[in-house]
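Reading through the C-alpha cells given below for one structure.
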Amino acid sequence: MRKLIVTIFVILNLPTFGQTGTIDGTVIDKTDSSNLAGLPIVIVGTRTGVITNNEGYFKLSNLQPGTYDLAFQFIGLGEDTVRNVNVVANEVTTLNLGLPIGDCSGNKPKNCPIDGSTSEVIPIIYGLPGNKLMKKAERGKVRLGGCIVTGCDPQWYCERHNHKY
Ligand SMILES: [Zn+2]
C-alpha cells in the first residue's frame, strides 16, 4: 500500500518538474509549394537547432516557456528569421511556414509608418498563447498573431490607426 501511495505521489508530481514546450511545423518553398527538406533551423541566441526532414517537418522540444526567434538558413539564399514565436509549457506550437521570405527579414522599426510615433504601438506575438500571455493580451499589452507565420508577418500593431506592420 505504501508503495502504491509513493507511486501515485510521484506520478502526480511529474508535470511540475521542468515544464517545457515544443515548436513544430512544416516549411514549404513558396515559389513552387514543395516541401523544404534539409533546412537548418536555429533558435536565435542559442545552439539549439534542428533540420527539416524530407516532408519539410521540424520539431524543437524541451523549450522553456517564453518567446523565441527562429532563424532559417537557406543554402545559397541567405537567412531569414521568424520572430516572437510563443512557447507554452506542455503545449505544442505549430507553425506553417512559407519560405523564402525575400526582403522581409530583419527587425522592423517600431515607429508607426503613418505618423512615426510609438506611443500606441504594441508587439504582435505569434504561436499558442499561455495564461500569462492571454492576460497580457487582454490588458492590451500585446496582440496575438496566430500560428501561421511566413516571416513577412507584421511585428507591430498600432492602436491609433488600427493597422499592423
Ligand atoms: Zn499608426
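Annotations
- Subset of the stretch 121-144 [in contact with a Pro (Cβ under 8 Å, 6 or more places away or on another chain), farther than 13 Å from residue 67 by Cα and more than 16 Å from the ligand (Cβ to nearest atom)]: 137
- Residue within the stretch 90-113 that is more than 22 Å from residue 153 (Cβ to Cβ), surrounded by fewer than 18 Cβ atoms within 10 Å (Cβ to Cβ) and either modelled with pLDDT of 90 or more or not hydrophobic (A, V, I, L, M, F, W, C) (or both) present: yes
- Among the residues of the stretch 42-88, those identified as among the aliphatic types (A, V, I, L, M) and surrounded by 15 or more Cβ atoms within 10 Å (Cβ to Cβ) are 42, 43, 50, 60, 63, 70, 71, 82, 85, 87, 88.
- Residue pairs whose Cβ atoms lie under 7 Å apart, separated by 6 or more positions or on different chains, with the first residue in the stretch 153-165 and closer than 18 Å to residue 84 by Cβ and the second near the ligand (Cβ under 9 Å from one of its atoms) and acidic (Asp, Glu), are 158/120; 159/120.
- Tabulated pairs, the stretch 120-138, first in a helix (DSSP H, G or I), second of a type outside the set (D, E, K, R) and away from the ligand (no atom under 16 Å from the Cβ), C-beta under 7 angstrom, 6+ apart or interchain: 133/86; 133/125; 133/142; 136/142; 137/129; 137/144
- The C-beta contact set for the stretch 55-72 (first residue over 14 Å from residue 44 (Cα atoms) and touching a residue at least 24 places away in the same chain (Cβ under 8 Å), second residue among the small types (Gly, Ala, Ser) and in a strand (DSSP E or B), distance under 7 angstrom, 6+ apart or interchain) comprises 58/25; 65/21.
- Residues (at pLDDT 85 or above and either within 16 Å of the ligand (Cβ to nearest atom) or surrounded by fewer than 17 Cβ atoms within 10 Å (Cβ to Cβ) (or both)) located in the stretch 145-165: 155, 156, 157, 158, 159, 160, 161, 162, 163, 164, 165
The values are calculated or read from the model by the stated rules, or taken from the named source; none is laboratory data. Keep in mind it's a predicted model, so treat the numbers as computed, not measured. For neighbour counting, all protein chains shown are included, and Cβ atoms are generated from backbone atoms with ideal geometry for every residue, glycine included.
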